[in-house]
Amino acid sequence: MKEFTYTITDPLGIHARPAGLLAKAAKAYADTTVTVAKDGNAVKASQLMKLMSLGVKQGNVVTVTAEGPQEDEAIAAMETFFKENL
């Protein structure tokens, strides 16, 4: 299992547009489970509505994990995505 933590810098947090893009990016690694956790609540990154239900705002710290055969590629892609979009 690979993971990283990230502090959200987007003024709107994880809202509809980036959440949709994140879910799409996570689905590219179908055999690897990618999760996003905030305050002890973790959801699969590929599930758009659950991702948005975390209520992640600017300044919140999230932990992203990847577990499975493609975890190295998935975690690298997620880290890049968060830095570029959130």
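When GLY13, GLY55, GLY59 are checked against the criterion of being on the phi > 0 side of the Ramachandran plot, small (Gly, Ala, Ser) and surrounded by 16 or more Cβ atoms within 10 Å (Cβ to Cβ), GLY13 stands alone in meeting it.
Suppose we filter the stretch 3-29 for residues that are touching a Ser or Thr at 6+ places or on another chain (Cβ under 7 Å) and outside any helix (DSSP H, G or I); how many remain? I'd like the intermediate steps shown before the answer.
We begin by selecting, within the stretch 3-29, every residue touching a Ser or Thr at 6+ places or on another chain (Cβ under 7 Å); these are 3, 5, 23, 26-27.
Among the residues that remain, those that are also outside any helix (DSSP H, G or I) are: 3, 5.
Residues flagged as touching a Ser or Thr at 6+ places or on another chain (Cβ under 7 Å) and outside any helix (DSSP H, G or I) within the stretch 3-29 amount to 2.
A single member of ALA66, ALA19, ALA25 is in contact with a Phe, Trp or Tyr (Cβ under 6 Å, 6 or more places away or on another chain), among the small types (Gly, Ala, Ser) and buried (at least 16 other Cβ atoms within 10 Å of the Cβ), and it is ALA25.
Quick note: the coordinates plus some simple rules give every number you see, no bench work behind them. What you see is a predicted model, and the numbers here were worked out from it, not measured in a lab. When we count neighbours, we look across all protein chains shown, and the Cβ atoms used for this are built from the backbone with ideal geometry, even at glycine.
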